[in-house]
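Notes to accompany the following structure.
The values are calculated or read from the model by the stated rules, or taken from the named source; none is laboratory data. Please read all numbers here as calculations on a predicted model, not as lab measurements. Here the Cβ is made from the backbone with ideal geometry for all residues, glycine too, and neighbour counts use every protein chain on show.
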Amino acid sequence: MTRPQNDASAKLRPETLAIRAGRETSDYGEHSQALFLTSSFTYDTAAEGAALFIGEQEGYIYSRFTNPTVAAFQQRLAALEGGERAIATASGMAAIQATMLTLLKAGDHIVSSQSLFGSTINLFNGILAKFGVEISYVDPADLNAWRDAARPNTKVFFLETPSNPLTDVADIAAIADVAHAAGALLVVDNCFCTPVLQQPLKLGADLVVHSATKSLDGHGRVLGGAVVGSDKLIEPIYLHVRTAGPSLSAFNAWVLLSGLETLFVRIERQCQTALEIARWLEAQPQVERVFYPGLESHPQHELAMRQQNGSGGTVVSFVLKGERAAAWRLIDGVNVFSRTSNLGDVKSTITHPASTTHARITPAARERAGIVDGLVRLAIGLEHVEDLKADLAASLG
Ligand SMILES: *Cc1c(COP(=O)(O)O)cnc(C)c1O
């Protein structure tokens, strides 16, 4: 059997929880996190098997729904988000899908921010809609729009903040109040900020969803996701994952646990570098506008500083003069930044949203979302800030 560690975790600071919460060791007493790479677990007698399956006895049964390495990841992330419990999933999209399929049925309604990750929009419009769920999209910064969009059948409010790629910041506490007044739950995708910068549950959100693929891994290695919240709300999502099977693999949980151990130092440094790059970009004559919540010029700067632990985050977007040609020339000319659309990695990345992440929506929808052809998105990693600036400067010419 495994021996859970650190029962006093509630008293520890978040930096310590990221390293110490949710460790489980075998009887060997290994110091590093063990990888329990097994699909099933044995029981000593038939009677013990029966007790495990019926839930009379606690223990590991089958890795679709119980695995010690996955459990350690779930406990650690729950501790970091300030939630009672987490359920891990195979990817961020699996986390959002499991949450929505658990909370919603045909005839229900979602009010969602319009500034969403592209696959989340496709999940809502292409899959949930097929099963009779209705969706209304609103400007995340417009509180009245959230209020006006609620209907008697509204069950879920959904948002991510800051948004991708324009870094719109939504007021989680205020939107949670609107959701609750409408009898709905607020679900927040906390992928961009991570619990280092923002703990939505403490601001009134009911559930947090994660793409662990991004900053929680932090090294661009594995896919993963999770949902965090109260025991009461997580239990039915756990039962959904147990039945439907979008489960996190033990190997990926093991990789993600080591990612979490360096989360605080990575995010803190990446945010410092991002702010310096954003300020530098604002001073470049080739740059028309910079989108970064840490800049005084950002429309929700004060809210972001209050809500995001005084930081603007790790993603910086900007519009170049000269449209698409200028954006592509910059992207083709860099040597340190990676040309890829992932984010949250220790390696800095550069991408052109209009022709990659947002290429599959109509030009009119792109225009409405503010994804203009001159827009470039940077996700800042851990390289030296001067090397990143010099790389951009050389390519800007
Ligand atoms: C990447 C991402 C997702 C989806 O996560 P996957 O792990 O790729 O499935 C969801 N939301 C946001 C904000 C993301 O950036």
Quiz item: What number goes with the only condition from (1) surrounded by 21 or more Cβ atoms within 10 Å (Cβ to Cβ); (2) touching a Phe, Trp or Tyr at 6+ places or on another chain (Cβ under 8 Å) that residue 270 does not pass?
Solution: (2)
Exercise. Hey, could you check segment 343-393 for residues that are of a type in the set (A, V, I, L, M, F, W, C) and more than 21 Å from residue 286 (Cα to Cα) and say which is surrounded by the fewest Cβ atoms within 10 Å (Cβ to Cβ)?
Key: 364
Quiz item: From 64, 23, 85, 13, which residue is under 22 Å from residue 194 (Cβ atoms), surrounded by 15 or more Cβ atoms within 10 Å (Cβ to Cβ) and over 19 Å from the mean Cα position of the chain (by Cα)?
Solution: 23
Practice problem: Answer yes or no: is there a residue in segment 266-282 that is over 24 Å from residue 95 (Cα atoms), in a helix (DSSP H, G or I), touching a Gly at 6+ places or on another chain (Cβ under 8 Å) and modelled with pLDDT under 95. | Solution: no
Self-check item: Only listed residue being within 16 Å of the ligand (Cβ to nearest atom) and farther than 23 Å from residue 184 by Cα, chosen from 79, 72, 88, 98
Solution: 88
Practice problem: Look at segment 352-376 and say how many of its residues are in contact with a Leu (Cβ under 8 Å, 6 or more places away or on another chain) and of a type outside the set (A, V, I, L, M, F, W, C). | Solution: 4
Quiz item: Among the candidates 212, 253, 226, which residue alone is away from the ligand (no atom under 12 Å from the Cβ) and either in contact with a Ser or Thr (Cβ under 9 Å, 6 or more places away or on another chain) or of a type outside the set (Asp, Glu) (or both)?
Solution: 253
Self-check item: Out of 109, 31, sole residue that is away from the ligand (no atom under 16 Å from the Cβ), surrounded by fewer than 16 Cβ atoms within 10 Å (Cβ to Cβ) and not hydrophobic (A, V, I, L, M, F, W, C)
Solution: 31
Exercise. Evaluate segment 381-395: report whether one residue or more is β-branched (Val, Ile, Thr) and either within 22 Å of the chain's Cα centre (by Cα) or not in a helix (DSSP H, G or I) (or both).
Key: no
Quiz item: Which one of the conditions (1) of a type outside the set (A, V, I, L, M, F, W, C); (2) within 16 Å of the ligand (Cβ to nearest atom); (3) part of a strand (DSSP E or B) does residue 219 fail to meet, given that it meets all the rest?
Solution: (3)
Quiz item: Taking segment 192-216, which residues are over 30 Å from residue 340 (Cβ atoms) and not in a loop (DSSP other than H, G, I, E, B)?
Solution: 201, 202, 203
